[in-house]
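I have placed the structure first, in the form of structure tokens, so that the comments after it can refer back to it.
The values are calculated or read from the model by the stated rules, or taken from the named source; none is laboratory data. Because the structure is predicted, anything quoted here is derived from the model rather than measured. Cβ placement follows ideal geometry from the backbone for every residue including glycine, while neighbour counts extend to all protein chains displayed.
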Amino acid sequence: MSSAVSTAPTTTALVPTAFVDFKLQSVHALTPNTSKFVFELPEHQTLGMTVASCVVTKFTNAEGKNIIRPYTPTSDADQKGSFEFIVKRYDAGVMSAHFHSLKVGDTLAIKGPFTKYALEVNQYESVALIAGGTGITPMLQVIGEILKNKEDKTKINLLFANVTPEDIILKDVLDALTKAHPDQLKITYVIDNAVDGWEGETGFITGEMIKKHIPEIGSAGNKAFVCGPPPLMAAVSGEKNPDKSQGEIDGILKALGLTIEQVYKF
């Protein structure tokens, strides 16, 4: 007896105007302080994300205060059955600590999606992605969206900085994407200090490093995206304004002659 194939329409699980509780399905350690958190999705539903967009997460602390923080899922926007976050635990990060305290079966309140940058097919000849640490999450959205569309010929050049090789989140996934799309995706890894056998760059990101590995940055057909911890943002592009608007361009990219119209800060 053959099983019937369901024809139920696919709907989206997120609601932009209200928080929805999602159950934690599994947790997978990626580095000593970073884990992948997989949450369940109801049958026939996707998360409903657009690229590039984020969600906001919420929990209530012991004092009864609602803690709300934005995060970017790293799973494909069309994925069914589950979705994922990559979260690094920070000593002063109350939401990241909450993530790392969750047990399988616990729930997390999530609202969204909220579009940050509406990326269109072949909108640019190339995109320059400069990321540090968990700042890779929106970049994964951008990379995945471009590469899954055979009509999209946008070239992708990622400069990804971390403290040590062990801190490079999802390096196996990134390397597999590079191998599958060698003519479209280029990745340069940067770590703070050289270690035996390391073949990437070392030290802090500099203007010379950017020009060496992303020579097309600042050209008419290129858009630069930056995401990472505050020191990286300040050094590379200037931080966003306190109200989270883009603010002025500063740092290395300003020195290279880029304008705020050529840069987007996640």
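Figures for the structure shown
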read-out: Lone qualifier among Ile214, Ile191 - being in contact with a helix residue (DSSP H, G or I) (Cβ under 9 Å, 6 or more places away or on another chain), buried (at least 20 other Cβ atoms within 10 Å of the Cβ) and either under 26 Å from Tyr90 (Cα atoms) or in the same structural domain as Lys153 (by TED's automatic domain parsing) (or both); value: Ile191
read-out: So Thr206, is it hydroxyl-bearing (Ser, Thr, Tyr), surrounded by 14 or more Cβ atoms within 10 Å (Cβ to Cβ), under 30 Å from Asn61 (Cβ atoms) and over 14 Å from the mean Cα position of the chain (by Cα); value: no
read-out: Lone unmet requirement of (1) closer than 19 Å to Gln79 by Cβ; (2) in a loop (DSSP other than H, G, I, E, B); (3) at pLDDT 95 or above; (4) of a type in the set (A, V, I, L, M, F, W, C) for Ile169; value: (3)
read-out: From Leu140, Leu129, Leu170, residue being hydrophobic (A, V, I, L, M, F, W, C), on the phi > 0 side of the Ramachandran plot and either in contact with a strand residue (DSSP E or B) (Cβ under 8 Å, 6 or more places away or on another chain) or buried (at least 18 other Cβ atoms within 10 Å of the Cβ) (or both); value: Leu170
read-out: Conditions (1) touching a Leu at 6+ places or on another chain (Cβ under 7 Å); (2) surrounded by fewer than 17 Cβ atoms within 10 Å (Cβ to Cβ); (3) among the hydrophobic types (A, V, I, L, M, F, W, C); number of the one not met by Ala92; value: (1)
read-out: Complete set of residues in segment 174-188 that are surrounded by 13 or more Cβ atoms within 10 Å (Cβ to Cβ) and either at pLDDT below 95 or of a type in the set (A, V, I, L, M, F, W, C) (or both); value: Leu174, Leu177, Leu185, Ile187
read-out: Pick from segment 5-19, criterion modelled with pLDDT under 90 and surrounded by 10 or more Cβ atoms within 10 Å (Cβ to Cβ), ranking: nearest to Val55 (Cα to Cα); value: Thr11
read-out: Residue within segment 50-69 that is among the β-branched types (Val, Ile, Thr) and either at pLDDT below 95 or closer than 22 Å to Leu177 by Cβ (or both) present; value: yes
read-out: In segment 231-254, the residues that are small (Gly, Ala, Ser) and surrounded by 12 or more Cβ atoms within 10 Å (Cβ to Cβ); value: Ala234, Ala235, Ser237, Gly238, Gly247, Gly251
read-out: Breaking point among (1) in contact with a Gly (Cβ under 9 Å, 6 or more places away or on another chain); (2) over 20 Å from Gln25 (Cα atoms), for Lys88; value: (2)
